[in-house]
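Everything on this sheet refers to the single structure shown next.
The values are calculated or read from the model by the stated rules, or taken from the named source; none is laboratory data. Everything numeric here is computed off the predicted structure, so don't read it as measured data. Please note: Cβ atoms are built from the backbone with ideal geometry, for glycine as well, and neighbour counts cover all protein chains shown. The accessibility values were calculated without ligands, DNA or RNA, using every heavy atom of the protein model including side chains. Shrake-Rupley method; radii C 1.70, N 1.55, O 1.52, S 1.80 Å.
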Amino acid sequence: MGLFRMERVKARRYIGTMAAVVLGVAAVDQAVKQLMLSILTEGEALPVIGNWFRFYLLFNPGAAFSMGGEGSTWLFTTIQLAFVVGVAIAAPRIHDKWQAVGLAMIAGGALGNLIDRLVREPGFWFGHVVDYISVGSFAVFNIADASITCGVVVFIIAMFMAERKEAQESDA
């Protein structure tokens, strides 16, 4: 099997991994949001570890971690949709497992929040994201936001590792 063909097979393997991570993150995010909507009341804290870690339901029109505001909802919806589509288009070109996982975690989180923006009040494209995790005095967030953040970290580390590997191979 030629080198080019091996790279294509490897890339196809990552497409499946990426799809599974994207859909898995979005599904878990939506399931937990539904659970939180059924047990929490908006604006009332449910302490888990004292007052430091609590569940606190709110509906966020802005970006991750409650940044941005009501007037920017359409922009965040558009960015999330563009990112999810962009990752789907780029997936066949990803040749590093950890870069694939990082991008998929980001896209899965974006998809989870995008679903909220498309189906929740106040309406299609302008829906508010369900947030419920509150730690200390940090912003309230959700699993999708956490996946985006962790995905960025994984992707950046993978980029540095790939760059380091390339430098070592070129020195040899």
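Tabulated results
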read-out	value
Derived scalar couplings ³J(HN,Hα) [segment 141-146; Karplus, 6.51 cos²θ - 1.76 cosθ + 1.60; whole Hz; x for Gly, Pro]	9, 9, 5, 4, 4, 5
Accessible area per residue, Å², the chain with all protein chains present, probe 1.4 Å	56
Most to least packed among 165-171, 127-133, 113-119, 47-53 [average Cβ atoms within 10 Å]	127-133, 113-119, 47-53, 165-171
Mean Cβ neighbour count within 10 Å, used as a protection proxy, ranking 100-111, 77-88 highest first	100-111, 77-88
The chain, helix-only ellipticity at 222 nm - DSSP H runs n ≥ 4, -39,500 (n - 2.57), divided by all residues, nearest 500	-22000 deg cm²/dmol
Between helix 73-90 and the chain: long-axis angle, C-alpha atoms, 0 to 90°, nearest 10	20
Karplus 3J(HN,Hα) series, Hz, for segment 103-113 with 6.51 cos²θ - 1.76 cosθ + 1.60 (x for Gly, Pro)	4, 5, 5, 5, 5, x, x, 4, 5, x, 6
Shape of segment 47-172, Cα gyration tensor, a/c cut at 1.5	oblate
Among 32-44, 15-27, the order from most to least packed when residues are scored by Cβ within 10 Å on average	15-27, 32-44
